[in-house]
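Below is one structure, written out as structure tokens; comments come after it.
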Amino acid sequence: MENFPLDDLPLVRRLALSYAPARVRAQVLAVLALDQRLSQLVRTSSEPILAQIKLAWWRERLQEGQERWPQGEPLLSLLRLWPGEPAQLVPLVDGWECLLADDLTEEVVQDYALGRASAWQALAPAGRAEAVLQAAREWALADLAFHLGGEGEGRLVCEMLDHAPLRRLPRELRSLAVLHGLTRRALAKGSHELLDGPAAGLVALRIGLLGR
């Protein structure tokens with residue numbers, strides 16, 4: 001974990017990571033970093049086929065033995081600390097690939113959200129998987145709506161949010177609660193920034209310390 005360049009993560013993710021207990025910080029960082037890398041592949045590739053090729057590379061790495069992983073990739077070095085099988089994170093790759101579909105139908109968006117949520121669910125303590133899945137799915141939907149805007153596909157995604165009260169998450173996943181809260185706040189305000197001033201920082205502090 002010491003060798004992973006945290007500056008590669010957006011500020012809001014670094015802020016969320018700061019609320020992760022030390023015993024799970026490496027695992028939370030792995031989810032945040034891999035999710036960020038995959039989002040960049042999808043959002044910056046000039047052609048869907050190029051994004052699919054890059055996503056396939058990550059899928060293959062996660063499915064093969066770590067002894068075959070190439071050296072020199074900081075994210076792969078971080079993923080060596082994953083407590084279970086790295087293949088648990090394959091649905092995260094599949095989720096991002098859903099956004100390469102020609103049309104973002106409700107079914108496609110649901111599959112995308114479930115794929116992203118599964119990575120967080122893999123870190124859920126016993127008996128808390130359902131609450132974690134709900135929060136992570138809602139965060140994924142809100143994050144997508146945030147990037148799409150308020151018209152067309154963005155409006156479709158917003159309509160899929162049920163705005164149900166968030167159940168308190170386990171302390172291990174306080175980072176997810178912070179991301180969920182800040183994203184939903186920005187979406188409700190129609191803001192383009194999750195950290196748009198001192199009030200956002202106070203929201204993150206409240207959620208990070210209290211869980212809601």
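All of the numbers you see were taken from the coordinates with simple rules; none came from a lab. What you are looking at is a predicted structure, and each value in this text was computed from that prediction instead of being measured.
Nearest 500 deg cm²/dmol is fine: what mean residue ellipticity at 222 nm does the chain get from its DSSP H runs of n ≥ 4 alone, each adding -39,500 (n - 2.57), divided by its residue count?
Working: 10 runs with 131 residues, N = 212.
My calculation for the chain gives -19500 deg cm²/dmol from helical runs alone.
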Computed ³J(HN,Hα) along segment 108-124: with the Karplus parameters 6.51/-1.76/1.60, θ = phi - 60°, integer Hz and x for glycine or proline, the list is 4, 5, 4, 5, 4, 5, 5, x, 5, 5, 4, 5, 6, 4, 4, 9, 5
Expressed as a whole-number percentage, the relative contact order of the chain with C-alpha contacts under 8 angstrom and at least six residues apart is 21
Residue-ordered couplings for segment 170-183, obtained by feeding phi - 60° into the Karplus form 6.51 cos²θ - 1.76 cosθ + 1.60 and rounding to whole Hz (Gly and Pro as x), are x, 3, 4, 10, 4, 4, 5, 4, 5, 4, 4, x, 5, 5
